[in-house]
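Below: one structure, written as C-alpha cells.
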Amino acid sequence: MAKSAKSAARSNTRSAAPVDHQRSSPTQKYGTVVHMPVGLSESVRLWSVTVLNQLLADHIAIRDMYKKHHWQVSGPTFYSIHLLFDKHYGEQAELVDTIAERIQMLGGVTIAMAGDVAKLTRVVAPPMDRESLPVQISRLLEAHELIVKDARTKASQASDKGDEGTNDLLISDVVRTHEAQVWFLAEHLVDAPTNKA
C-alpha cells in the first residue's frame, strides 16, 4: 500500500472514532434568556421562563409520583387504578414536554435532571415505602391542587404582562388537564356503598 493510501486509511479510522469525555463552558447559563424575536421583552420572557421552570419541576415531580403509584398500587381496584395512574402519567409527560418547549421558545433553559428538579419542586415527595391507595390518591390530589392554584395565578400574571402564549398554555393545557385528573382521582375517595343503597 502506498504511503498516501496508508495515511488516508489511518485518517479515516481516526475520524470514525468517537471523541468522548468532552467538556466546555455552557452555551447558555440556566436562569438566563437569549434573544428570541417573539415580540416580548427580555424581562417578560425571563419572568415567564422562571415561572415555567418552577411549574416544570412540579410537573416532573407529579409525573414521577404517578409512575411510582402505578407500580405500587394494590387492592381490589388494582387493575383499573393501575391503568388510570399510567394514563395520568402519560398526560403529565405530555405537559412536561409542552412546558419545556415553551421555555425554549422564549429563549430560556429548561430544568431537566432529577437532582435539580428535587431542589426546585414544591411537590412533597412520597416516601420510598409502598402506601395504601387512599394515601396515594390523597398525595396526588395535594400535588394537583398546588400546581393548579399556581398555574391560575401565573396565567393571569402572564396575561397582564402580554405573554398570551404562556397564559394559553397554563389555562388550556395545564389547568384543564389537572382539573380532569383531579375529578377522576377524587371520585375514588368518595365513601359510597358498593353493594346496597
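This structure gives semi-axes √(5λ) of the Cα gyration tensor in Å, computed directly, and of [x] 23, 20, 17; [y] 42, 27, 13; [z] 26, 23, 15 that value is listed as [y]. Protection proxy ranking of 104-117, 61-74, by the mean of other Cβ atoms within 10 Å over each peptide's residues and highest first, is 61-74, 104-117. Here is the list for the range 89-197: trypsin sites (Lys or Arg not before Pro) lying in DSSP coil, each with at most 15 other C-beta atoms within 10 angstrom of its C-beta, are 122, 130, 196. For the chain, the 222 nm mean residue ellipticity estimated from helices alone, with every DSSP H stretch of n ≥ 4 adding -39500 (n - 2.57) and the total spread over all residues, rounds to -21500 deg cm²/dmol.
Cross-link check: pairs 119/154; 29/87; 67/154; 87/161; 87/119; 68/196 evaluated at a Cα-Cα cut-off of 31 Å; pairs beyond the cut-off: 29/87; 87/161; 68/196. As a length-normalised measure over Cα pairs under 8 Å and 6 or more apart, the relative contact order of the chain settles at 24 percent.
The C-alpha atoms of the chain define a longest principal axis, and helix 78-105 lies at about 50 degrees to it.
So, with a 1.4 angstrom probe, what is the percent of accessible area on the range 1-146 that is carbon and sulfur? Before the final figure, lay out the partial values.
Numbers: 5190 of 8880 Å².
The nonpolar share, carbon plus sulfur, comes to 58 percent.
According to the square roots a ≥ b ≥ c of the eigenvalues of the Cα gyration tensor, what is the shape class of the range 18-59, taking rounded for a/c under 1.5, prolate for a/b larger than b/c otherwise, and oblate for the remainder? Because a/c hits 1.5 or more and a/b fails to exceed b/c, the range 18-59 counts as oblate.
Using the 1.4 Å probe convention, the accessible area of the chain works out to 61 Å² per residue with neighbouring protein chains retained. Principal-axis analysis of the Cα atoms of the chain puts helix 133-160 at an angle of about 70° to the longest axis. Treating the angle as unsigned and between 0 and 90°, give the value, to the nearest 10°, between the Cα long axis of helix 3-16 and the longest Cα principal axis of the chain. Roughly 20 degrees, rounded to the nearest 10.
The values are calculated or read from the model by the stated rules, or taken from the named source; none is laboratory data. Only a predicted model underlies this, so the values are computations on that prediction, with no experimental measurement involved. Neighbour counts are summed over all protein chains in view; Cβ atoms, including those assigned to glycine, are modelled from backbone coordinates with ideal geometry. What goes into the accessible areas is simple: the full protein's heavy atoms, side chains included, and nothing from ligands, DNA or RNA. Shrake-Rupley method; radii C 1.70, N 1.55, O 1.52, S 1.80 Å.
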